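Asks: Quick one: this structure, given as structure tokens, is what I'll be asking you about.
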Amino acid sequence: MSNYTVIASDEEFAAVFKPTTSTVYALNFWAAWAPPCIQMNEVFEELASKNSAIHFIKIEAEKFPDISEEYEIAAVPSFVIVKEGNVVDRVEGANAPELSKAVAKYSKSTSTSGLNSAATTTTPSVAPPTMSPEEMNARLKELTSSSAVMAFIKGTPTAPRCQFSRQLLEILTAQNIRFSSFNILADDEVYVKGEFVGGLDVVKELVATGEFQALVPAEKDLKTRMDELINKAPLMIFIKGSPETPRCGFSKKLVALLADQEVTYDSFDILEDDDIRQGLKTHVDWPTFPMVFFKGELLGGLDIVTEMVENGEFQQVVAEAKSPES
């Protein structure tokens, strides 16, 4: 398809993405490790085949951190619609109906010959890829264990596609349960700690008898979670991405700086938890990331740590975090 591009380099992105033109672009930020991206990549490609007026660009978020940072990508999958250099729409998560609606809206506005066909907002029907039993079991194990409480539903939490899914979501929300979900457009099922609990009727019965809350891991308040993370290691950094794949220039510079200092540290990806990301700013009265902590105390961000390294103060402060090999 001439209107569908899988980005392989920053140069290729610059060559195909011309935001100052009248072309409408749909950007798909995805990651290979995120199961919901597999399903949404297929939806994205099928939408491209049916909406020639829009240029669809598939971008692996962690391989292109600067592009991800520019479009403020906090999670995958995320989809951004760009028109004349401006972000005009955004869809976060595996929300195929919303993505279809956004694409139809801007396809209709840029096409004069396809008004009738662009008006539909029906989610494309995508046949799942064929998997071996071993691959299927591995994928199911990964999904059921990816969150303490995992619900397999029809649709998404913001757009459930059947009344049973809607009722199940209402129950989990009413019980103040933090959960993740996967849109399988099949039976509604709930897993706790990777173990199958049951469908809607079983969950209703467990809630009525008071057993459901006992099954679910107790939710820690935000302050407790932040304090535990800050004290997880003597030297603790909060960055965008991971040390192996930092997702912004500042995080990348901090990781390189710490590597030069040969110190042992642990890290937390703030893009994985928006509660932690926003809460930390208030908790320690520091507005930006990355953040660096030593023994539970905030040292500062990249600029301060860089200055500490240059004047020799950093080495004195974190002497206990030196690698045994160094």
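Asks: If I filter the stretch 172-179 for residues that are modelled with pLDDT under 70 and either among the hydrophobic types (A, V, I, L, M, F, W, C) or outside any loop (DSSP other than H, G, I, E, B) (or both), do I get at least one hit?
Replies: no
Let's see how each residue does on (1) of a type in the set (Gly, Ala, Ser); (2) over 16 Å from residue 235 (Cβ atoms); (3) touching a Lys or Arg at 6+ places or on another chain (Cβ under 9 Å):
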{"position": "280", "(1), (2), (3)": "no, yes, no"}
{"position": "286", "(1), (2), (3)": "no, yes, no"}
{"position": "299", "(1), (2), (3)": "no, no, no"}
{"position": "306", "(1), (2), (3)": "no, no, yes"}
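Asks: Moving on to the next point. Just to be sure before I move on: is residue 159 within 30 Å of residue 213 (Cβ to Cβ) and either modelled with pLDDT under 70 or open to solvent by 10 Å² or more (accessible area, probe 1.4 Å) (or both) in the structure I sent?
Replies: When the stated conditions are applied, residue 159 passes them.
Asks: Something else: Against the definition (under 17 Å from residue 291 (Cα atoms), basic (Lys, Arg), out of contact with any strand residue (DSSP E or B) (no Cβ under 9 Å at 6 or more places or on another chain) and open to solvent by 90 Å² or more (accessible area, probe 1.4 Å)), how does residue 253 come out, yes or no?
Replies: So residue 253 does not fit the description; no.
Asks: What single numbered condition from (1) within 25 Å of residue 92 (Cβ to Cβ); (2) in a helix (DSSP H, G or I); (3) within 21 Å of the chain's Cα centre (by Cα); (4) modelled with pLDDT of 70 or more fails to hold for residue 139?
Replies: (4)
Asks: Within the stretch 28-39, take every residue that is within 13 Å of the chain's Cα centre (by Cα) and part of a helix (DSSP H, G or I) and give me the one that is farthest from residue 55 (Cα to Cα).
Replies: 35
Asks: Okay, next question. Name every residue in the stretch 231-250 that is farther than 21 Å from residue 74 by Cβ and surrounded by fewer than 21 Cβ atoms within 10 Å (Cβ to Cβ), in order of residue number.
Replies: Selection gives 231, 232, 233, 234.
Asks: Just the residues that are surrounded by 12 or more Cβ atoms within 10 Å (Cβ to Cβ) and closer than 16 Å to residue 60 by Cα, please, taken from the stretch 11-24.
Replies: 12, 13, 16, 17
Asks: Have a look at 69, 60, 98 and point out the one that is of a type in the set (D, E, K, R), surrounded by 15 or more Cβ atoms within 10 Å (Cβ to Cβ) and at pLDDT 90 or above.
Replies: Matching residue, one of 69, 60, 98: 60.
Asks: Still on this structure, please answer the following. Scan the stretch 230-250 for residues that are without any contact (Cβ under 8 Å) to a residue 60 or more places away in the chain and farther than 9 Å from residue 267 by Cβ and jot them down.
Replies: Within the stretch 230-250, 232, 244, 250 meet the criteria.
Asks: Does the stretch 311-320 contain at least one residue that is modelled with pLDDT of 90 or more and either under 12 Å from residue 254 (Cα atoms) or in a loop (DSSP other than H, G, I, E, B) (or both)?
Replies: Yes, there is a match, as at least one residue in the stretch 311-320 is modelled with pLDDT of 90 or more and either under 12 Å from residue 254 (Cα atoms) or in a loop (DSSP other than H, G, I, E, B) (or both).
Asks: Right, another one. If only one of 76, 43 is part of a helix (DSSP H, G or I) and buried (at least 22 other Cβ atoms within 10 Å of the Cβ), which one is it?
Replies: Matching residue, one of 76, 43: 43.
Asks: Of all residues in the stretch 256-306, count the ones that are under 29 Å from residue 93 (Cα atoms), among the charged types (D, E, K, R) and open to solvent by 30 Å² or more (accessible area, probe 1.4 Å).
Replies: Adding up the residues that qualify gives 6.
Asks: Condition first: over 20 Å from residue 65 (Cβ atoms) and without any contact (Cβ under 8 Å) to a residue 24 or more places away in the chain. Can you find one or more residues in the stretch 262-279 that meet it?
Replies: Yes, the conditions are met somewhere in the stretch 262-279.
Asks: Tell me whether the stretch 294-314 contains one or more residues that are within 23 Å of residue 62 (Cα to Cα) and among the hydrophobic types (A, V, I, L, M, F, W, C).
Replies: Yes, the conditions are met somewhere in the stretch 294-314.
The values are calculated or read from the model by the stated rules, or taken from the named source; none is laboratory data. If you're wondering where the values come from, they're calculated on a predicted model, not measured in any experiment. Every residue, glycine among them, receives a Cβ derived from its backbone with ideal geometry; neighbour counts consider all protein chains shown. Protein only, heavy atoms only, side chains kept; ligands, DNA and RNA dropped before computing areas. Shrake-Rupley method; radii C 1.70, N 1.55, O 1.52, S 1.80 Å.
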